[in-house]
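First the structure, in the form of structure tokens, and then the observations on it.
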Amino acid sequence: MYYVGSKNRISKHILPLMLKARKPKQWWVEPFVGGANIIDKITGNRKIGNDINKYIIALLKSVKSGYVPPINVSKDFYYAIKKEPDNYPDELVGFVAIGCSFGGKWFGGYANNKSGRNYAKEASNSLVKQAPNLRGVNFTCGSYKEMTIPRNSLIYCDPPYDTKTKAYINSFDNYTEFWQWCREKSSDGHMVYVSSYDAPSDFEIVVSIEHITTLNKNKKNKRIEKLFIHNKTRIK
């Protein structure tokens with residue numbers, strides 16, 4: 001299922017580099033798992049996928065256990081769920097809010113077009129296809145700051161980039177605090193990677209990838225996305 005900010009399209013550029021550095025039996029940890037489009041490509045059972053969005057975690061857990069989302073979601077039903085999400089199961093809210101919205105934005109507008117494309121069916125089919133690759137993931141819900149992380153893990157962070165839009169349900173605006181958390185985890189013995197456009201000077205670029213962002217349906221922008229790793233030797 002398409003998820004705003006997904007790294008699925010650039011996974012072929014960043015995953016081999018991290019997997020090459022990953023040690024045998026090392027835990028793979030994602031504090032911002034989103035649509036699980038990176039962690040679903042990691043083999044084994046030593047995987048933790050966390051997100052603060054309780055609806056997306058409920059959806060991923062349910063799909064992992066065999067849940068098949070609806071293939072038809074009307075516009076009226078979409079806006080009924082948006083208006084009163086507490087009246088519906090969390091996994092259904094998560095599916096409709098993302099899978100049936102333009103560009104995967106959180107309730108960013110009912111997705112449809114003149115050709116009658118069925119976005120709900122596409123998203124449902126995508127999740128069913130993804131399900132087998134989620135079975136080894138331990139999903140948790142909460143702030144990245146409150147996670148319990150196994151010793152000497154590989155931590156891959158993909159925090160929200162565009163906080164000026166309503167693409168995400170939860171706000172994320174304290175990047176100073178986030179980068180400091182990354183430094184602390186690195187000092188604790190973890191291997192810390194971050195996907196971002198920019199980073200503080202004590203984070204080194206592993207690879208840069210040019211890609212097109214489409215958060216605005218009327219505008220496409222080329223951006224240079226980078227994968228960083230924290231350089232512990234620069235910590236003072």
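Bear in mind that the values in this text are calculations on the coordinates, not laboratory data. Worth saying up front: this structure is predicted, and the values here are computed from it rather than measured. So basically every Cβ, Gly included, is an ideal-geometry build from the backbone, and we count neighbours across all protein chains shown.
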For TRP27, residues with placed amide H under 5 Å, excluding near neighbours
LEU154
Percent antiparallel among DSSP beta bridges confined to the chain, nearest 5, equals 50
Among residues other than ASN37 whose Cβ falls under 11 Å from its Cβ, what is the net charge (Lys/Arg +1, Asp/Glu -1)?
0
Once the Cα atoms of helix 119-130 and of the chain are each reduced to a long axis, what angle between those two axes, in degrees from 0 to 90 to the nearest 10, is obtained?
40
Helix 11-21 sits off the longest principal axis of the Cα atoms of the chain, rounded to the nearest 10 on a 0 to 90 degree scale, by 30
The aspartates and glutamates whose Cα lies under 13 Å from the Cα of LYS145, excluding any fewer than 8 residues away in the same chain, are GLU30, ASP51, GLU177, GLU184
List every residue whose amide H lies under 5 Å from the amide H of VAL206, counting only residues 5 or more places away in sequence or on a different chain, with H placed 1.01 Å from N in the peptide plane.
LEU227, PHE228, ILE229
Between the helical axis of 54-64 and the dominant principal axis of the chain, each derived from Cα atoms, what acute angle in degrees is found, rounded to the nearest 10?
80
